[in-house]
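Here, each number is a calculation from the coordinates, and none is a lab measurement. Here the structure is a predicted model, which is why all the values come from computation and not from measurement. Please note: Cβ atoms are built from the backbone with ideal geometry, for glycine as well, and neighbour counts cover all protein chains shown.
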2 protein chains.
Amino acid sequence: MSDYRDLWQSLNMDLERHDLLCAALPSLYEEVYLNQPGRPQGMNYFNAVIAEIHGMRVAELAEHRKQGGKVFGTFCVFVPTEIIRAAGGVAIGLCGGSQFWVPDGEKVLPRTVCPLIKASVGAKISRTCPYFESSDMLVGETTCDDKKKAWEILNEYIPTYVMELPQMKREKDRQAWIEEVGIFKGTVEKITGKKIEREHLREAIRVENAKRKALKRLYSFRKNDPVPISGKDALLVTQIAFYDDPQRFVERTEELCSELEERVTSGYGVFKNGAPRIVIAGSPQAIPNWKLHHLIETSGAVVVCEETCTGTRYFEHLVQEEGETLEELLVNLANRYFQINCACFTPNHERVEDILRLVHEYRADGVIHYNLSFCQPYSIEAARVEKALKAKGIPCLRIETDYSEEDIEQIRTRIEAFLEVVR
Amino acid sequence: MSDYRDLWQSLNMDLERHDLLCAALPSLYEEVYLNQPGRPQGMNYFNAVIAEIHGMRVAELAEHRKQGGKVFGTFCVFVPTEIIRAAGGVAIGLCGGSQFWVPDGEKVLPRTVCPLIKASVGAKISRTCPYFESSDMLVGETTCDDKKKAWEILNEYIPTYVMELPQMKREKDRQAWIEEVGIFKGTVEKITGKKIEREHLREAIRVENAKRKALKRLYSFRKNDPVPISGKDALLVTQIAFYDDPQRFVERTEELCSELEERVTSGYGVFKNGAPRIVIAGSPQAIPNWKLHHLIETSGAVVVCEETCTGTRYFEHLVQEEGETLEELLVNLANRYFQINCACFTPNHERVEDILRLVHEYRADGVIHYNLSFCQPYSIEAARVEKALKAKGIPCLRIETDYSEEDIEQIRTRIEAFLEVVR
């Protein structure tokens with residue numbers, strides 16, 4: 001990584017502890033990513049993004065802020081980033097995926113909180129994540145109990161705005177969500193000092209839709225057998241989508257897709273034909289949480305799709321771009337986000353249907369339902385998912401784990417036993 | 001207990017397992033309740049209610065249903081029982097407080113769910129709770145993740161209606177709640193087949209307010225030193241309020257209060273003057289969860305108030321009885337419930353203010369913040385409560401526990417150490 005120490009210092013980071021955090025990533029990345037055989041050339045860009053994980057993009061944010069721009073840190077696929085972009089702001093996904101931050105999170109949160117939230121809070125209070133330190137405001141939402149209460153703690157460190165997501169999906173709730181998106185627009189305008197006009201929002205929708213289309217295209221190649229790209233690589237691309245510059249991201253992802261298209265044409269795969277194909281369904285996987293994918297893909301199977309917030313829930317639906325007025329576009333925007341089927345809703349039958357559909361579309365042999373420890377909504381909903389899959393004769397394995405390495409061999413054994421069934 | 005086997009059989013209960021459940025209560029009740037010295041005579045009624053816990057009231061419900069009446073099982077202080085009563089229905093609080101039901105709950109819920117929810121679900125699926133079996137419909141709400149998802153499971157066994165409680169307390173949310181209360185009214189009218197008129201609702205409000213006033217009066221005597229009633233006895237009265245006939249309950253509680261009034265006049269107390277006075281704040285305590293109170297009151301201290309759903313959150317606010325129209329009364333009703341400060345809201349500063357106020361009003365020496373294991377909202381909010389109390393020099397002990405007996409001696413040791421500080 002180039003020398004960004006001055007930059008980090010200017011962000012008032014804890015440099016000593018940050019060095020410890022950064023020291024661990026290269027060897028992990030080499031083991032999990034660089035060692036994979038037959039990776040697409042197009043992954044080089046994403047390798048470079050990881051090599052510069054706390055550098056290049058952070059420098060861009062600093063430059064943006066120097067020009068008077070604002071940075072909004074987000075944690076959830078329900079936050080309409082189009083509004084931030086339309087007001088000239090930059091949205092950065094902040095979810096923490098490293099065990100490094102968990103002990104700091106546990107200083108202010110009970111142990112029985114999901115590792116993603118503990119890591120996110122820990123990243124902030126330890127001052128070791130330059131993205132947190134580059135944010136002018138955090139944008140939380142009321143998706144789960146743990147997050148809802150964590151915002152109150154984060155708000156003691158940095159202004160944390162909370163969007164109220166309804167918990168049901170009736171027409172009344174859709175209307176409430178539309179109103180909530182409008183209130184968020186007002187807040188973003190106030191913070192950025194920029195009034196959002198129809199054309200700004202329309203352009204922002206186009207940019208975000210382009211990102212979604214690129215990811216949809218990327219995922220479409222995973223429907224082939226053999227797969228031209230590993231599940232780990234596809235996951236990485238999606239993870240990077242949350243904080244990279246959207247236009248550059250789209251360009252590079254489309255380049256990667258063209259390469260994958262050629263691979264499909266020529267029948268080239270990174271896993272042998274007939275390798276067991278797995279859909280992951282459940283909790284989000286934030287960088288560098290590649291644990292489950294790595295275990296699966298070093299056990300002879302391949303992950304072909306993620307029904308998660310770092311998978312299809314992030315990009316499956318496009319925003320309708322046609323709209324005569326700003327208000328119409330805001331309704332389009334709210335409607336798009338309200339289609340996401342998260343376990344935070346009750347009832348949430350549609351998510352089960354999504355999983356069944358994805359198994360079919362991606363020609364999967366089985367599903368691993370994944371939930372982060374203490375992620376109650378997904379943990380409880382797992383039983384319903386498993387039941388629906390079993391009714392269709394689709395094998396399902398439920399795995400609950402955190403960011404630690406202690407259970408790795410136990411999970412590997414369970415995955416290997418599961419693959420015996422799937423084969 | 002009289003012989004209610006025919007009644008239980010008619011409810012399709014598992015009689016064999018129900019016998020096991022019932023067998024444990026008398027000795028527990030004797031140890032925890034009957035052994036207390038100097039109990040008020042007025043507690044005899046409540047002793048009788050417990051002695052007949054699955055009998056007398058269940059027979060009343062059966063009679064009510066025979067006459068065409070409906071029974072609604074509830075789980076939360078946010079459900080406006082006035083609406084049920086106004087439509088000729090009976091509301092019964094169903095929260096499970098026994099470890100007996102936990103293993104059955106764990107058949108369909110993860111272990112990492114709070115014991116109250118596991119026990120409630122377990123009570124239903126084991127067919128060992130006559131109140132569940134007497135219910136025509138359950139009424140859930142979206143207060144926490146675990147409950148929200150548990151309703152979906154319970155709905156597979158019995159029709160379970162869900163009220164959406166907003167997660168914030170802005171004017172927009174209050175309006176949404178008013179609307180939600182109106183929708184609930186429609187549902188209850190449909191189930192009971194009875195249209196609610198202004199006079200029905202007004203009368204129901206009066207009845208429920210009378211219950212609240214009786215409990216407020218009861219609690220007022222606990223502000224005295226010495227206290228004329230133990231915390232355990234006061235807790236029991238509140239717990240019984242959730243399912244007893246309201247009119248009889250008020251009568252008997254007012255009788256008890258008159259006796260307590262005399263005791264206060266004569267200076268008679270059940271704990272010696274100057275015994276450390278403790279406020280409990282946090283998660284609800286359902287029958288027979290008397291664990292924490294019993295530990296405190298057998299360690300030389302007395303519980304003087306509960307800032308819980310089985311305490312002040314249940315009865316502190318009255319519904320405004322004046323209203324020209326049905327709609328006005330419905331707004332009054334919604335407004336009253338929306339004042340409750342539950343940790344499910346964000347932000348929730350008002351709850352901290354409530355606790356500080358109660359410590360002052362009840363002349364408490366310290367607070368024990370209690371949360372059921374995996375009750376995330378209260379568990380996370382505990383840190384904020386503790387901080388606010390410390391800032392005022394009020395000792396605070398945080399206890400997290402479930403329904404099991406394994407940690408009893410450990411908790412006793414912690415309470416004893418805490419009382420050293422408090423004294």
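Sort B:14-22, A:212-220 by the packing proxy (mean of other Cβ within 10 Å over each peptide's residues), most packed first.
With the highest mean Cβ count within 10 Å placed first, the list reads A:212-220, B:14-22.
To the nearest Å, what is the center-to-center distance of segment B:277-355 and segment B:185-201, using C-alpha atoms only?
Segment B:277-355 and segment B:185-201 have Cα centres spaced 27 Å from each other.
Inside 10 Å of the C-beta atoms of B:157-170, what's the mean count of C-beta atoms belonging to other chains?
Shielding by partners across B:157-170 averages 3.
Any chance you could get the radius of gyration and Dmax over the Cα atoms of segment B:323-423, in Å?
Gyration radius and largest Cα-Cα distance of segment B:323-423: 17.3, 56 Å.
Beyond 20 Å, what percent of the Cα pairs of segment A:154-233 remain?
The calculated P(r) of segment A:154-233 puts 61 percent of pairs beyond 20 Å.
How large is ³J(HN,Hα) for each residue in segment B:148-154, as worked out from phi by the Karplus curve 6.51 cos²θ - 1.76 cosθ + 1.60 (θ = phi - 60°), to whole Hz, x for Gly and Pro?
With the stated coefficients, segment B:148-154 comes to 3, 7, 5, 4, 5, 6, 4 Hz.
Would you compute, from DSSP H runs of 4+ residues alone, the mean residue ellipticity of chain B at 222 nm, taking -39500 (n - 2.57) per run and dividing by the full residue count, rounded to the nearest 500? Before the final figure, lay out the partial values.
Details: 19 runs with 222 residues, N = 423.
When only DSSP H runs of four or more count, the value is -16000 deg cm²/dmol.
Would you mind getting the Kirkwood hydrodynamic radius of segment B:1-75 from its Cα pairs, rounded to one decimal in Å?
Radius from the Kirkwood sum: 14.3 Å.
For segment A:139-272, what is the convex hull volume of the alpha-carbon atoms per residue, in Å³?
Numbers: hull volume 22.5 nm³, N = 134.
Spelled out: Cα convex hull of segment A:139-272, divided by residues, is 168 Å³.
Work out the P(r) tail for segment B:191-240: percent of alpha carbon pairs separated by more than 18 Å, whole number.
Here the long-distance tail beyond 18 Å is 50 percent of all Cα pairs in segment B:191-240.
Which GluC sites (Glu not before Pro) in segment B:154-234 sit in a loop by DSSP (not H, G, I, E or B) and have at most 14 other Cβ atoms within 10 Å of their own Cβ?
B:Glu156, B:Glu197
Tell me, how many Å apart are the Cα centres for segment B:214-260 and for segment A:98-167?
When both Cα centres are located, 42 Å separates them.
Trypsin sites (Lys or Arg not before Pro) within segment B:79-150: which are DSSP loop residues with at most 16 other Cβ atoms inside 10 Å?
B:Lys107, B:Arg111
Between B:Cys22 and B:Ala59, what is the spin-label point distance in nm, taking each point 7 Å from the Cα along the Cα→C-beta axis?
1.2 nm
Taking amide hydrogens as modeled 1.01 Å from N in the peptide plane, which residues meet the under 5 Å criterion relative to B:Gly93, leaving out close sequence neighbours?
Under 5 Å from the amide H of B:Gly93: B:Thr74, B:Tyr243.
Which lysines, on any chain, are close to B:Lys195 with Cα under 16 Å apart, when same-chain ones fewer than 8 places away are left out?
B:Lys70, B:Lys185
Need one value for B:132-142: mean number of C-beta atoms belonging to other chains within 10 Å of its residues' C-beta atoms.
Per-residue shielding by partner chains comes out at 1.
Per residue of B:378-388, how many C-beta atoms from partner chains lie within 10 Å of its own C-beta, taken as a mean?
4
At A:Asn47 and B:Glu30, where each label point lies 7 Å from the Cα along Cα→Cβ, what is the point-to-point distance in nanometres?
For the pair A:Asn47/B:Glu30, the computed spacing is 7.7 nm.
What is the Rg over Rh value, at two decimals, for segment B:193-272, using alpha-carbon atoms and the Kirkwood definition of Rh?
1.11
By average Cβ neighbour count within 10 Å, what is the ranking of A:390-400, A:358-368, B:353-363 from highest down?
A:358-368, B:353-363, A:390-400
Taking amide hydrogens as modeled 1.01 Å from N in the peptide plane, which residues meet the under 5 Å criterion relative to B:His317, leaving out close sequence neighbours?
Here the answer is none, since no amide H 5 or more places off falls under 5 Å of that of B:His317.
Translational diffusion coefficient, Stokes-Einstein: compute it for segment A:253-412 using the Kirkwood radius over C-alpha pairs as Rh, at 20 °C and 1.002 mPa s, and state it as an integer in µm² s⁻¹.
123 µm²/s
Per the Kirkwood definition applied to all pairs of different Cα atoms, how many angstroms is the hydrodynamic radius of segment B:240-340?
For segment B:240-340, the Kirkwood estimate is 16.4 Å.
Once amide H atoms are placed 1.01 Å from N in the peptide plane, what residues at a sequence separation of 5 or more from A:Glu400, or on another chain, have their amide H within under 5 Å of its amide H?
Counting only residues 5 or more places away or on other chains, the set is A:Asn371.
Remind me, what semi-axes does segment A:285-360 give for its equivalent ellipsoid, largest first in whole Å, using sqrt of 5 times each Cα gyration tensor eigenvalue?
The three semi-axes for segment A:285-360 are 31, 15, 11 Å.
Sorted by mean Cβ packing within 10 Å, highest first, what order do the peptides A:336-342, A:89-95, A:29-35 take?
Details: A:336-342: 18.7, A:89-95: 23.3, A:29-35: 14.6.
Output ranking for A:336-342, A:89-95, A:29-35: A:89-95, A:336-342, A:29-35.
How many angstrom lie between the C-alpha centres of segment A:368-423 and segment B:22-70?
Segment A:368-423 and segment B:22-70 have Cα centres separated by 44 Å.
Mind listing the Cα extents of the protein assembly as shown along all three principal axes, in Å, largest one first?
89, 56, 56
What Kirkwood hydrodynamic radius, in Å, does chain B give when the mean of 1/r is taken over all pairs of distinct Cα atoms and then inverted?
21.8 Å
Rounded to the nearest whole Å³, what is the per residue volume of the convex hull around the Cα atoms of segment B:9-152?
About 136 Å³ per residue, rounded to a whole number.
Holding the Cα-Cα limit at 22 Å, pick out from B:Lys124/B:Lys149; A:Lys148/B:Lys149; B:Lys118/B:Lys194; A:Lys387/B:Lys107; A:Lys107/B:Lys390; A:Lys169/B:Lys148 the pairs that are longer than that.
Distance filter (> 22 Å) returns B:Lys118/B:Lys194.
Give me D for segment A:125-183 in µm² s⁻¹, whole number, from Stokes-Einstein with Rh from the Kirkwood sum over alpha-carbon pairs, 10 °C and 1.306 mPa s. Don't jump to the answer; show the numbers that get you there.
Values: Rh = 12.8 Å.
It comes out at roughly 124 µm²/s.
Based only on Cα atoms, what Rg/Rh ratio does segment B:252-304 have, Rh being taken as Kirkwood's radius?
Result: Rg/Rh = 1.02.
Hey, could you get me the Stokes-Einstein D for segment A:82-160, Kirkwood radius over alpha-carbon pairs, 25 °C and 0.890 mPa s, rounded to whole µm² s⁻¹?
Values: Rh = 12.8 Å.
Estimated diffusion coefficient is 192 µm²/s.
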